[in-house]
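So the structure is just underneath, and the comments pick up after that.
The values are calculated or read from the model by the stated rules, or taken from the named source; none is laboratory data. Since the structure is predicted, the reported quantities are computational estimates derived from the model, not experimental observations. Every residue, glycine as well, gets a Cβ built from its backbone with ideal geometry; the counts of neighbours run over all protein chains shown. Just so you know, the surface numbers come from the protein's heavy atoms only, side chains and all, with ligands and any DNA or RNA stripped out. Shrake-Rupley method; radii C 1.70, N 1.55, O 1.52, S 1.80 Å.
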Amino acid sequence: MIQRQNFPVTLVFPPQGHFTQPYLALPCLKGWLRSHGFEDVELLDANIEAYDAFLDGAYIERCAERVAQRLPLERFAARKTLGFRDLAAFRAASECAASAAAVAARIDDAKAVMRGGAFFDSERYVPAVRTIYHALRIVSAAHFPSELTPHNFTMRYGNDRSAEVLAATLDEDENPFIAFYRERVLPRLVARKPRVLGLSIIYGSQLVPALTLARLVKAALPDCHITAGGGFLAYIGQKLMNAPGVDGCLDSLVFHEGEAPLLALCEALRDGRPLGTIGSLSWFDRSSGHARLVENERGHPIKLDDAPAPDFEGLPFHLYLSPEIVVPYDVNRGCYYGECTFCTLPTVIGPGYRTRSAKTIVDHVIQLRDKLGTSHVNFITDCMPPGLLRDLPEELIARRAGIHWWADARVEPKAYTKEGCERLVESGCRKLLFGFETATPRLLKLMKKGQSLKSVVDVARNCSEAGISVTFFAMVGFPSETKAEAQATVDFLVEHADIVREVSLQTFHIDEENHVFRNPAEFSVRIRSDPTADLQLYHDYEAEVGMTQGEAAEMFERMMAALRARYPLFSGDNIFWFMQKSHYFLHLARGTSPDEFVARCQRRAALRADDRPHPTLDVGAGLTSVAIPFSWAEAVAGLGTAEARAARPEFLTGRYVADAEEEAAAHLKPLEPTERALIYCGETAEFAEVRPDGARALAALRRAGSVGALAGTLPPGAARENLERFAGELARRGILVRREEPSLTSVRGTR
């Protein structure tokens with residue numbers, strides 16, 4: 001084999017993706033490059049490194065100082081009213097003032113809980129997750145109005161306009177990744193001097209951070225060829241490469257899967273050959289002194305069975321916020337069904353549908369298990385094909401792979417029989433996610449789902465009875481859907497909460513790759529495009545029948561409220577297990593059955609709802625209080641309305657809805673000044689708002705040591721009853737703590 005020495009390649013996963021496990025694309029590319037002789041390939045997960053850098057006590061303290069300068073709380077004290085446009089700033093300033101000291105002091109412990117054995121202790125896990133969320137709110141407040149969460153990154157710049165995207169890469173005040181890259185990433189790249197820097201852009205939330213890094217590297221290392229690829233660019237890549245100024249960030253872009261194009265690119269750059277014959281590559285020809293875009297013909301995909309196992313070497317496994325790593329592995333690419341009218345994945349992932357053999361999959365899984373020391377696998381697939389559902393479990397069982405796994409799936413009644421599900425469990429399957437979508441047969445037909453409600457129930461029941469946790473993907477607002485039909489969907493989900501554990505609900509969006517966009521009349525919609533949005537992917541629409549987009553958004557809230565009331569995993573703070581990718585799965589892999597976990601969630605919810613004034617209640621450790629001139633609770637409620645959410649960048653699309661801010665400002669009544677105190681308990685990582693007399697009572701309770709001790713100083717009657725009622729409410733809100741309560745983790749399953 002020819003060795004490609006002295007040709008360093010660095011592959012980067014930019015922020016923002018989730019922080020619980022590595023992503024798959026770059027390890028696949030590294031494995032392919034190394035199998036073809038390029039030995040010096042480095043993986044850099046800038047996403048998890050950024051989260052780890054931001055979730056640091058000293059950094060949070062610096063952010064708090066910055067918030068005090070940029071959003072001083074006293075700025076709001078002189079206001080006669082607080083309008084919608086100031087609600088988010090007031091909330092950020094108030095929460096930072098109340099929580100920053102406690103969060104900075106506890107963030108290291110929170111990360112340790114997420115990465116260690118205490119993860120499985122419910123009473124340690126939930127406050128740790130809350131602390132991490134609150135830390136990211138402080139980081140966000142320091143760069144207001146930018147917002148970084150475990151699930152998204154948005155700025156005030158629209159993601160669908162190239163001029164705004166490029167402006168965001170230069171905004172030193174609001175883009176937190178500029179300083180992070182300069183301090184933590186750029187020096188390493190300058191020292192390494194890679195010949196090729198590859199950026200994996202899977203999500204829209206990565207676009208600004210990725211181009212920010214690309215711009216910095218282009219300035220520091222002008223001879224480094226910067227290329228990009230990934231799922232999001234399969235949608236907007238052509239538009240992006242045609243946008244003015246992008247040539248200052250990128251040299252090329254790979255469409256669809258990257259193994260063959262990236263290898264050909266590296267070979268051409270190493271050998272000094274032209275790039276014009278590399279399939280699926282768009283690139284800037286700079287030979288004439290200016291950048292001229294060249295779009296090559298599409299290339300052919302690789303045979304998956306010819307690809308080596310993904311190579312995760314070099315990733316910082318100790319930084320992921322999970323006690324045990326769940327390794328992603330792709331069993332196929334594309335979708336074997338490929339008919340759903342709302343779906344675009346068969347178009348942009350591929351090209352074509354291909355699968356690995358069961359033998360290859362198990363060969364690789366065992367190799368990764370032994371090399372990485374983990375027995376947990378997330379099989380990456382649009383939906384597990386029926387043939388593989390038969391062959392893969394048999395191969396895993398026969399070869400005693402000893403893994404636990406989860407995957408996306410399609411409702412296939414012949415595959416998910418009672419016996420088939422039992423075999424899946426024996427092979428290690430613990431969780432499956434099905435495309436349910438809706439309970440309306442008319443809409444299922446319009447979607448071309450090819451499934452009946454009876455088959456949906458039968459498959460879910462067989463899985464559930466075998467011990468597999470079932471998740472349903474559902475949507476609201478598909479063209480022509482009525483409110484009554486949406487209500488029928490949530491009624492169906494509530495009715496079957498005994499066999500479905502989680503529901504991932506989203507509002508329907510039209511993007512340029514799906515069947516609805518190409519055939520709007522078939523679905524009784526009129527597409528509304530924005531000619532000023534040169535990176536537009538998602539489009540608004542006018543529905544001739546059924547719900548409008550606004551009505552669908554309102555219906556989404558009603559449906560989520562019903563799910564929170566009925567689904568134990570969605571009740572109260574139990575939802576944290578659902579929100580953290582793979583965290584609930586790790587409990588299942590550890591031996592907890594879905595029924596046992598549901599029972600645990602029910603007990604936690606019942607305990608949290610208990611507001612009886614227990615005499616041993618005392619103030620949680622790390623309690624702080626700050627006076628605020630308006631009601632924080634009312635501000636939070638206002639920001640939680642459908643009108644306010646519409647004024648923020650959409651979660652899925654990252655774009656702003658035109659005129660939404662004006663509509664929210666007109667709809668929401670301004671807040672009136674009122675004396676309040678915002679309380680933060682570091683031990684439980686909970687906020688609560690109290691009146692001034694409540695703050696004084698809380699201070700007296702802290703001095704007394706417990707509710708019982710303080711109550712003993714009061715004569716029987718109204719004063720004692722008021723204290724006990726107040727204490728019970730604070731306990732329900734997490735500010736007071738029952739010290740003698742046993743940990744609920746005593747009921748968890750065993751290995």
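Data overview
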{"read-out": "About the Cα centre, charge dipole magnitude for region 328-420 (Lys/Arg +1, Asp/Glu -1 at Cβ), debye", "value": "200"}
{"read-out": "GluC sites (Glu not before Pro) within region 124-232: DSSP coil, no more than 15 neighbouring Cβ in 10 Å", "value": "172"}
{"read-out": "Under 20 Å from the residue 672 label point (7 Å along Cα→beta-carbon), backbone N, region 74-92", "value": "76-87"}
{"read-out": "Computed magnitude of the charge dipole of region 386-513 (debye, nearest 20; Cβ of K, R +1, Cβ of D, E -1)", "value": "260"}
{"read-out": "Mean-position separation - Cα centroids, region 568-595 and region 507-554, in angstrom", "value": "34"}
{"read-out": "Two-site FRET efficiency, residue 642 against residue 419, from Cβ-Cβ distance with R₀ of 41 Å, rounded to 0.05", "value": "0.35"}
{"read-out": "Kyte-Doolittle mean at least -0.5 and Cα axial length at least 27 Å: DSSP H helices in the chain", "value": "84-115, 122-142"}
{"read-out": "Heavy-atom SASA rank of 249, 335 (probe 1.4 Å, accessible area, largest first)", "value": "335, 249"}
{"read-out": "Cα shape, region 59-137, gyration tensor, a/c 1.5 rule", "value": "prolate"}
{"read-out": "Net dipole in debye of the chain [+1 Lys, Arg Cβ; -1 Asp, Glu Cβ; about Cα centre; nearest 20]", "value": "1180"}
{"read-out": "Listed pairs 30/193; 359/431; 418/454 exceeding 20 Å between Cα atoms", "value": "359/431"}
{"read-out": "Contour minus Cα-Cα distance for residue 610 and residue 627 (0.36 nm per residue)", "value": "3.3 nm"}
{"read-out": "Net charge of neighbours whose Cβ lies under 10 Å from the Cβ of residue 692, counting Lys and Arg as +1 and Asp and Glu as -1", "value": "+1"}
{"read-out": "Length-normalised contact order for region 417-503 - Cα pairs under 8 Å, 6+ apart - percent", "value": "39"}
{"read-out": "Net lengthening on full extension, residue 109/residue 722 (0.36 nm per residue, minus Cα-Cα)", "value": "217.1 nm"}
{"read-out": "Region 638-713 versus region 186-226: alpha-carbon centroid distance in Å", "value": "40"}
{"read-out": "Computed lengthening from residue 602 to residue 482, 0.36 nm per intervening residue step minus Cα-Cα distance", "value": "39.9 nm"}
{"read-out": "Lys/Arg +1, Asp/Glu -1 at C-beta; the chain dipole; positive extreme among 272, 568, 523", "value": "568"}
{"read-out": "Region 239-340: trypsin sites (Lys or Arg not before Pro) in DSSP loop, at most 14 other beta carbons within 10 Å", "value": "286, 298, 303"}
{"read-out": "The chain: relative contact order as a whole-number percent, Cα under 8 Å and 6+ apart", "value": "14"}
{"read-out": "For region 412-543, with +1 on Lys and Arg beta carbons and -1 on Asp and Glu, the positive-most of 420, 444, 474 along the dipole", "value": "420"}
{"read-out": "Unit charges at the beta carbon, dipole of the chain: most positive-side option, 204, 620, 638", "value": "620"}
{"read-out": "Residue 732-residue 292 pseudo-label distance in nm [points 7 Å out on the Cα-to-Cβ vector]", "value": "7.2"}
{"read-out": "Gyration tensor verdict on region 627-701 (Cα atoms; rounded if a/c is under 1.5, prolate if a/b is larger than b/c, oblate otherwise)", "value": "oblate"}
{"read-out": "Residue-averaged [θ]222 nm for the chain, counting only DSSP H segments that reach four residues, each worth -39500 (n - 2.57)", "value": "-13000 deg cm²/dmol"}
{"read-out": "Between region 356-372 and region 77-109, the Cα center-to-center distance that results, in Å", "value": "48"}
